[in-house]
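Structure first, commentary second.
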Amino acid sequence: MPGIGPPREGDGTDLLTSRSLETKILVSAGVILAGIILFGRYRMLPGAACGAAIAYGNFYLIRKILGKAFSSEGGLKKGFVVQYFLKFLALVAIVYLVVRSGRFDILGFLLGLSALILGVLLEGVSRAVETK
């Protein structure tokens, strides 16, 4: 597949085009934070930064879990579903605690969380442009 780049040794990261997608998630987070600054909504910055960090951490853990699950010869490793489910529960708990705490602007937090979606969209657009 063109544009994937070299996988990191032994962790199966070629499954998710990790470096390129990680970069796009971070760029998306930067654009979101810069947009908040440009519009002068400084109160939203901590929430957006927290949301972006959670989005990036979520992708990182997904990549690690899937990389370990599919890197073994002979198929899927046992425990993959348990690890993925525990990651999901941790994500729900963290988002719940952040929202419930009231310390962060909710709109800023949601904008920060959207960095993952925007990063995936950017990756898709860049791949579509590359193939033409």
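Does Lys64 qualify as being touching a Leu at 6+ places or on another chain (Cβ under 7 Å) and of a type in the set (D, E, K, R)? In short, no. Using the structure shown, decide if Ile117 is touching a Gly at 6+ places or on another chain (Cβ under 8 Å), surrounded by fewer than 16 Cβ atoms within 10 Å (Cβ to Cβ) and on the phi < 0 side of the Ramachandran plot. No: the conditions fail for Ile117.
When Ser71, Ser101 are checked against the criterion of being closer than 18 Å to Arg19 by Cβ and among the hydroxyl-bearing types (Ser, Thr, Tyr), Ser71 stands alone in meeting it. Within region 12-22, one or more residues are in a loop (DSSP other than H, G, I, E, B) and either within 20 Å of Ala115 (Cα to Cα) or modelled with pLDDT of 85 or more (or both).
Pairing residues of region 80-105 that are farther than 14 Å from Gly57 by Cβ with residues that are of a type outside the set (S, T, N, Q) and not in a helix (DSSP H, G or I), at Cβ distances under 9 Å and at least 6 apart in sequence or on separate chains, gives Asp105/Arg41.
Residues in region 74-88 that are of a type in the set (A, V, I, L, M, F, W, C) and under 25 Å from Ser20 (Cβ atoms) were compared, and the one that is modelled with the lowest pLDDT is Leu76. Output the number of residues of region 35-58 satisfying the condition of being surrounded by 15 or more Cβ atoms within 10 Å (Cβ to Cβ), more than 13 Å from Ala115 (Cα to Cα) and of a type in the set (Ser, Thr, Tyr). Residues that pass the stated criteria total 0.
The values are calculated or read from the model by the stated rules, or taken from the named source; none is laboratory data. If you're wondering where the values come from, they're calculated on a predicted model, not measured in any experiment. Methodologically, a virtual Cβ is constructed for each residue, glycine included, from the backbone with ideal geometry; neighbour enumeration extends over all protein chains shown.
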